[in-house]
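Every number in this text was worked out from the coordinates using simple rules, so none of it is lab data. Bear in mind the structure is a predicted one, so any value in this text is a computation, not a measurement. We place every Cβ from the backbone using ideal geometry, glycine too, and count neighbours over all the protein chains shown.
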Amino acid sequence: MERSPGSAIDSVLAKARAGVRRLTPEETLAAGRRGALLIDTRTETQRREQGEIPGALVIDRTVLEWRLDPLSDARIPEAVGHDLEIVVICRQGYSSSLAAESLRSLGLWRATDLVGGVEAWLEAGLPLSSGPADVRR
């Protein structure tokens with residue numbers, strides 16, 4: 001991803017990450033094993049090319065907040081309260097930081113993301129599957 005130093009998006013990203021403990025691939029795997037919601041926001045093409053994160057729920061970024069807000073009529077069954085541990089996953093760990101910040105603004109205070117995204121997961125040699133994914137619409 002090509003980024004200009006000092007760009008407006010760099011400032012937005014820094015603000016989204018300020019004071020947030022983001023997780024390594026190994027910490028994300030452990031979080032999923034203890035019951036955290038792993039939320040994959042990658043596109044279908046990215047998932048097909050890179051593989052699926054075992055146990056992750058796939059939620060399109062365009063509906064993420066509605067599906068995870070416990071007070072939303074459009075929530076998924078797992079969105080049972082504001083105390084949920086949520087780890088958002090994207091391809092490289094940029095858009096996931098913005099998505100996690102948006103979830104925290106809804107009161108989902110434990111929302112965070114995977115540092116480096118699925119690319120870091122792959123580099124760590126962690127398990128992937130070829131699907132099928134648990135896609136939530």
Average Cα contact separation per residue, the chain, under 8 Å, 6 or more apart, as relative contact order %: 31 percent
Could you give the dipole magnitude of the chain about its Cα centre, charging the beta-carbon of Lys and Arg +1 and that of Asp and Glu -1, in debye to the nearest 20? 160 debye
Tell me the label-point distance for the pair TRP66, SER105, using the 7 Å Cα-to-Cβ offset, in nm and rounded to one decimal. 1.7 nm
What FRET efficiency, computed as 1/(1 + (r/R0)^6) with R0 = 41 Å and r the Cβ-Cβ distance, is obtained for ALA14 and SER130, rounded to the nearest 0.05? 0.70
If you take the beta carbon distance between ASP73 and ARG21 as r and set R0 to 30 Å, what does 1/(1 + (r/R0)^6) give as a FRET efficiency, to the nearest 0.05? 0.45
In the set [x] 15.0; [y] 16.2; [z] 17.5, which value of Kirkwood radius over Cα pairs in Å was calculated from the structure you see? [x]
Summing +1 per Lys or Arg and -1 per Asp or Glu among the other residues with Cβ less than 12 Å from PRO70's Cβ gives -3
Nearest 500 deg cm²/dmol is fine: what mean residue ellipticity at 222 nm does the chain get from its DSSP H runs of n ≥ 4 alone, each adding -39,500 (n - 2.57), divided by its residue count? -9500 deg cm²/dmol
Under a 10 Å cutoff between Cα atoms, tell me which one of ILE76, ILE59, ILE39 has the largest fluctuation in the Gaussian network model of the chain. ILE76
